[in-house]
Each structure stands twice: as structure tokens, then as C-alpha cells.
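Accompanying notes for the structure given below.
The values are calculated or read from the model by the stated rules, or taken from the named source; none is laboratory data. Only a predicted model underlies this, so the values are computations on that prediction, with no experimental measurement involved. Note: ideal-geometry Cβ built from the backbone for every residue, glycine included; neighbour counts use all protein chains shown. These area figures cover heavy atoms from the full protein model, side chains too; ligands, DNA and RNA do not enter into them. Shrake-Rupley method; radii C 1.70, N 1.55, O 1.52, S 1.80 Å.
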Amino acid sequence: MTGFIQEANDQQVAIREIFDLGVLGNQINFFTSSPIITAGSDQEVVSKYRTVSEAVAAMIIEVQAVSGGGADEVLSAIALDLFDGTTDGLSDGVPISMLSAIPAQDLAEILNMSPADLMALSIPGTNIPISSIDTVLIDEAAITAPGTVVSGSPQVITRSALVGPDVDGDSRIDSLDPFPNDATELADSDGDGVGDNSDFFPSDPSKSTPCDSDDPDVLAQYNCSRPQADAGNNQSRHVATSNQNRVFTLNGSLSADPNDPGASLTYQWRVVSVPQDINGDDLVDKESLLNDSTSVSPSFTADYAGNYVFELVVLNGSQASDPDQVTITFTKDYYVSAGNLFGSALVAFALWFIPARVRRLREENK
């Protein structure tokens, strides 16, 4: 049903583009708009719809006069002719039988009639020119909408039934062609920017290639493989003083998608483990350790000696890689400054002196 509705809407747009005559715009819906005034109807829309309808009907009568075909047949033939951007009695280079007997020049003069000439044509079945369609609507409203005040605002045809160019020559005019420069593509059903003929999933905007599939058989058939994460080489560093560099930078730049070496990847780093205290508790917060867990090369500062293990997963938009790990080993010398040594000596002396002094005072007071 969705496909049918889309096709119907496409046809409506195509007809509007061909027979707009500078009047319809986007207000007219051929499935719901009425060509007559009724109570509560939008009189301007009715006037536009009726002006174009009568002008097209008048053109059909002109073509009928030289082709001998029925109204429906002539209308279909005219649409086919104009749809490829030219008025030559051909559709995609194939002659249109209903129009084949009409000299191309004569047909072009009818279909590309100037706006002034179109406005001067008589409304079929009357001697009233199309330019006076408002008077007809007023008379009809007396029957279809008694008591309704009709403003009577005539519409003006501003262009002929010419259509836009067809740059790629695929018989779909550029204004209706989602790929006006690609003759191999006429539609993009899911709106993902990939034409239906090239889209492996034409109804799914999130997927377009076989390698986007979740089916293992399809992935195997098209030799698809997941992207490959590379978390870089293991690193180790020893520092002797606290002012030495303790910043480490991870490197996932060698990660790649073997199906598309130039594909853009996204990165997801995770802290697997960090140094722990004697109770087995982490000495640092894993969640805040990296400065950017989605960067290709995040960094962190090591404050505690030990091993820091990180895991990298890369994604190509549809598939995730297996994780790859890297270990950073950080060691440092545990040093004590001269000031700390002096302080420690005072504490040791106090711990020895105070108990000894207490014992001596007790002996003296016996």
C-alpha cells in the first residue's frame, strides 16, 4: 500500500509540474481538491484548479481536432510527450501512436501555446474565454453553494505547458528526478541518498550495501568483514622524579575497514583495569581517566605505578569490530626528600623519648 501511495503522489507531482501553467503551485491536491465551489471551500484553490482544468481540456480539444483520439487517450499521450521535457510526439525516443500523425511543429504550437493564447481559449462547451472563469464559478455557486458569497478572483496563466530540462536524459524531468545527473537512477524510496538501483536495502534508510546486512550468509556471499580495531603497541615508562612526563597517549589510527579502506570509523575506548591498592580497590576512577574515550588518540595521566589496560572497538556505521587491547606499564622510584627524612627522625625520636621520660619521672617520684 505504501508503494502505491508513493507512486500516486509521484504521479500527482508529475502532472502538476507538466500542467501547472504557473497557476497551481503546491496548493492543489488532485485527490481531494474540488473544481467547483461548495459551502466552506477555498475559493482561490477552486479557481486555480478550474482555470488549469479548463485550459488543459481546451488543449486536448485542439489536439483531438487533428488526431481524432478520445479525450482520455489524448491526455495520456500529451502527458507522455511532455514528461521527457520536449514536445515531439515521442516518449523516451519512442513514437506515441496517438500523436504520430500530427506534425511535430503543429503539436508543439498547441502544447506550448502562450499564456495569453491559453487565456483566450473558450471553456469547452461554451463561448466564454478561460480568462472569465470566475463568472462561470459564480453562476455555478448559486446551485452548488446557495447563499455563499463568491469573491470572483480570476486566475492568470503565466506560462505554457512546458516542463523543466532533463539533463541526464532518463525521461524524468530534473525537478522530479532525485538524481538529475545520473541516468541510471530514477528514485530514492528510503531517502538515504542512494538510488534504488544501487541500494541493497531500498526501503531502509539506515542501510545501503550488502555489508550493512545482519545476515551472516549475505556477509559471507559478498565477502564482507567487520572493521578491525588496532589499539596500538604496548607502552612502558619509568620515571625517577615527580616532575617527569607521566602523560600517555593511546593510538588507534591503524584501525581500518578492510571492505572500504577509506571509510570513516568511530572509536570507543574502555578502561579495562588500573593499578589497585592492597585491598584490591582501584586507585583511579576508570570513567574519568581518559580525556576523550571517542577520540582516535585519547590520553591520560598516570599517577600510580602499575599496569593500565585499555580496550578499543571501532565501528563503520553498521558493524562493530572485535575489541583490541593495549597495556601501559608505568613505574617510578619511591623517593623521600631531605625534609621528609628530618621529619621522620623527629617522629622517631619523640616516640622513643616521651615514653622514656615518663618512666624516669615515675621512678623519681617513688
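For the pair residue 236/residue 41, report the inter-label distance in nm, with labels modelled 7 Å from Cα in the Cβ direction.
8.9
So how far apart, in nm, are the two label points at residue 197 and residue 214 if each is 7 Å from Cα heading toward Cβ?
In this crude spin-label approximation the distance works out to 3.1 nm.
Given N residues in region 207-315, what is its alpha carbon radius of gyration divided by 2.2 N^0.38 Å? Numbers along the way, then the final one.
Details: Rg = 18.1 Å, N = 109, 2.2 N^0.38 = 13.1 Å.
Relative to the 2.2 N^0.38 Å estimate, region 207-315 comes out at 1.38.
Carbon and sulfur atoms: what percent of the 1.4 Å accessible area of region 246-288 do they account for? Could the numbers behind the result be given before it?
On the way: 1220 of 2690 Å².
After summing per-atom areas, the C and S share lands at 45 percent.
Quick one: dipole size for region 216-288, taken about the Cα centre, charges +1 on Lys/Arg Cβ and -1 on Asp/Glu Cβ, in debye to the nearest 20.
Values: 5 positive and 9 negative charges, 55 e Å.
About 260 debye.
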